[in-house]
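Novice: I have a structure I would like to understand better, so I am pasting it below and will then ask my questions one at a time.
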Amino acid sequence: LAWQQHTLLHNAVADPSDEAKALITKFAYINQQTNLCDTEDNDENSVQNCKQLNGATATFDGGLVQMRTVGVHKVVSTRNNDFSNRSQKAHITVVPRSWSTEEIIALAAGLLVFTVLATYLAVAVYAYRNPSSWLFSKRYRPRFCILRYLVGQQRLTAAINARKAWKREEREKWRAFNANPANSANPGEKGKEEAEAEDKDAMAEPPRASKRSKFINCLVYVGLGEGQRVVKLILLLLNLASFLAGFFLHTGLGFQASVAYPMAKGAGFALDMDLAILLLPTLKSLQTALRGKGGQAREWIPLDDPISFHIAVATLVAVNSFVHVCSHFVHMAQIAGSPNFQDDPLAAWALTPEEEISGTPVENLLLTRANFTGLLITALMCVIYVTALPSVRRATCCLARRCGGFRLFQQAHAVWPVVYFLLLIHTTPRFWIWMFFPAIFVAVDRMLLTQRQRYPAVLESARLLLFDVIHLTFEIPENFTYQAGQYVMLHWKGEWHPFTLTSAPEERQLTLHIRASSTLDWCSALRRHLMVEAPQAAQGV
């Protein structure tokens, strides 16, 4: 083989330099003096027969040489392969350099720190350039102390004064809006109820200073635009860090170093974290305990809107699940499309694990424990996601109304223990570690819920207020005590729903205000029953 065609020690095809020729000649002749070699000599005992390495020394040290050309390279020993009773041929596979665990952890930590710092800096600059945004408010501005060093105290003070001027301007616009007679109802021309409705509608919310950007609208759509945005942003960054850790830890470990395998593992790492967090917003006892910790917990933990946080985590679960499942299917397709090796039950051929699974049909791969349980989990999760859609949960479409609406949503979510049981079978022990503390929280929450007392309450009155709100008044059950701001669970038509008590503990009755618009199936049904059906039944209609 001509030296210009060698690729193992140096890619001479791409770089036929003198250095490449010297390196290849050095290893091919093992430091023999090529000027004394006779390439036409076939005498096996001649010292000039360099092809048989007759002039080579007993030992050879070629030094360290890094092989940079990735691929399979064929090698042969010209001396030991020149006999009829033995053969010495082989191939050397050069793969990309694999990262050590320490390097991967250091890289993931570095990327995480860089991402956090870059995000912090970008948000700080955005807040400075947009003083009217909520990021530059008095509540969040102290967190961007770096602005003092970036723009200086004088410019920062000017931005603060600009925000104060903007607030004064908005306040004056709002006062002028309320002072305009055209914006208030005239009781002499309109009915009293219509006037009150217009007054409350006008005072419900001041006009917005600016429209939300498309980016904020996208965040709102996926559940990241409301509530504690900082916590959700941190969750997003943790998902990115988990994905990168799983990706780099499994790079080069898939079938034929396929990139689909580390993609699936990276999404799996993020899923382990998300599935462990997914249950926490639904634990009412945990929320009640955290609410008692004061303003710090309320500021940094999404207590006021746990359902929004639950939806945000569920969205991340859906995205990571899609990447995880698709990547595994691509990886299985690559395995099934590879050549099938002969079965070696006696291990005579010493096949590698990669060669043993090469050519395995997809249906056989799907019957493994991990893949089969993964299919079951995917099917159950799809049912949960579909029934959680607003059109199904609120029974706004005909099919959802026939299937049960909110009750179908409840029954579908009731299978979550089955999903997590299959997850424990499906995944590695890493997921068991992630689920250790959430499992304890779930167990404690369920024990507290079993001890929850149930009181039969007598409904004294029901009134329909403005904006589709029904006002319910109950007698205080015997031995029933509560604190301001606590909620109760109402049971009707086989469903339990939580509502906040609007009465004070010192009052002699319990009151609830429930919004019962036509888009809320259970609440609208309760309104129709109390306001229409019950009076008609009492009158014998």
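Novice: Return the total of residues in the stretch 505-527 being at pLDDT below 85 and open to solvent by less than 30 Å² (accessible area, probe 1.4 Å).
Specialist: Result for the stretch 505-527: 7.
Novice: Taking the stated definitions as given, is residue 497 open to solvent by 80 Å² or more (accessible area, probe 1.4 Å), of a type outside the set (Gly, Ala, Ser) and within 37 Å of the chain's Cα centre (by Cα)?
Specialist: no
Novice: Just need a number here: residues in the stretch 509-541 that are touching an Asp or Glu at 6+ places or on another chain (Cβ under 9 Å), closer than 16 Å to residue 473 by Cβ and free of Cβ contacts under 8 Å to residues at least 60 places away in the same chain.
Specialist: Of the residues in the stretch 509-541, 3 are touching an Asp or Glu at 6+ places or on another chain (Cβ under 9 Å), closer than 16 Å to residue 473 by Cβ and free of Cβ contacts under 8 Å to residues at least 60 places away in the same chain.
Novice: Right, next: State which residue pairs qualify: first residue without any contact (Cβ under 8 Å) to a residue 24 or more places away in the chain and farther than 13 Å from residue 324 by Cα and inside the stretch 238-252, second residue in a helix (DSSP H, G or I) and among the small types (Gly, Ala, Ser) in any location, beta carbons under 9 Å apart, and separation of 6 or more residues or different chains.
Specialist: Close Cβ pairs (under 9 Å, with a partner that is in a helix (DSSP H, G or I) and among the small types (Gly, Ala, Ser)) amount to 250/264; 250/266.
Novice: Follow-up question, since we're still on this one. When you go through 537, 462 one by one, which is the residue that is in contact with a His (Cβ under 9 Å, 6 or more places away or on another chain), farther than 29 Å from residue 285 by Cα and either modelled with pLDDT under 80 or in a strand (DSSP E or B) (or both)?
Specialist: Unique residue meeting the criteria: 462.
Novice: Is there a residue being among the charged types (D, E, K, R), assigned to a loop (DSSP other than H, G, I, E, B), at pLDDT 75 or above and open to solvent by 40 Å² or more (accessible area, probe 1.4 Å) anywhere in the stretch 17-38?
Specialist: No.
Novice: Is the stretch 477-489 home to any residue that is assigned to a loop (DSSP other than H, G, I, E, B) and on the phi > 0 side of the Ramachandran plot?
Specialist: Yes.
Novice: Filtering the stretch 109-163 down to residues that are aromatic (Phe, Trp, Tyr) and assigned to a helix (DSSP H, G or I), which residue is most open to solvent (accessible area, probe 1.4 Å)?
Specialist: 149
Novice: Looking at this structure, is residue 379 part of a helix (DSSP H, G or I), out of contact with any Lys or Arg (no Cβ under 6 Å at 6 or more places or on another chain), open to solvent by 50 Å² or more (accessible area, probe 1.4 Å) and at pLDDT 85 or above?
Specialist: yes
Novice: Taking into account only those residues within the stretch 69-88 that are modelled with pLDDT under 80 and of a type outside the set (S, T, N, Q), which is most open to solvent (accessible area, probe 1.4 Å)?
Specialist: 86
Novice: Is it the case that residue 287 is over 15 Å from the mean Cα position of the chain (by Cα), assigned to a helix (DSSP H, G or I), closer than 19 Å to residue 335 by Cβ and modelled with pLDDT under 85?
Specialist: No.
Novice: Right, here's the next one. How do the pairs read when you match residues in the stretch 113-134 that are hydroxyl-bearing (Ser, Thr, Tyr) with residues anywhere that are open to solvent by 60 Å² or more (accessible area, probe 1.4 Å) and at pLDDT 85 or above, using Cβ under 6 Å and keeping only pairs 6 or more apart or on different chains?
Specialist: As it stands, the answer is 132/166, since those pairs meet every condition given.
The values are calculated or read from the model by the stated rules, or taken from the named source; none is laboratory data. Keep in mind that what you see is a predicted model, and the values were worked out from it rather than measured. Every residue, glycine as well, gets a Cβ built from its backbone with ideal geometry; the counts of neighbours run over all protein chains shown. Please note that ligands, DNA and RNA were not included when accessible areas were found on the heavy atoms of the full protein model with its side chains. Shrake-Rupley method; radii C 1.70, N 1.55, O 1.52, S 1.80 Å.
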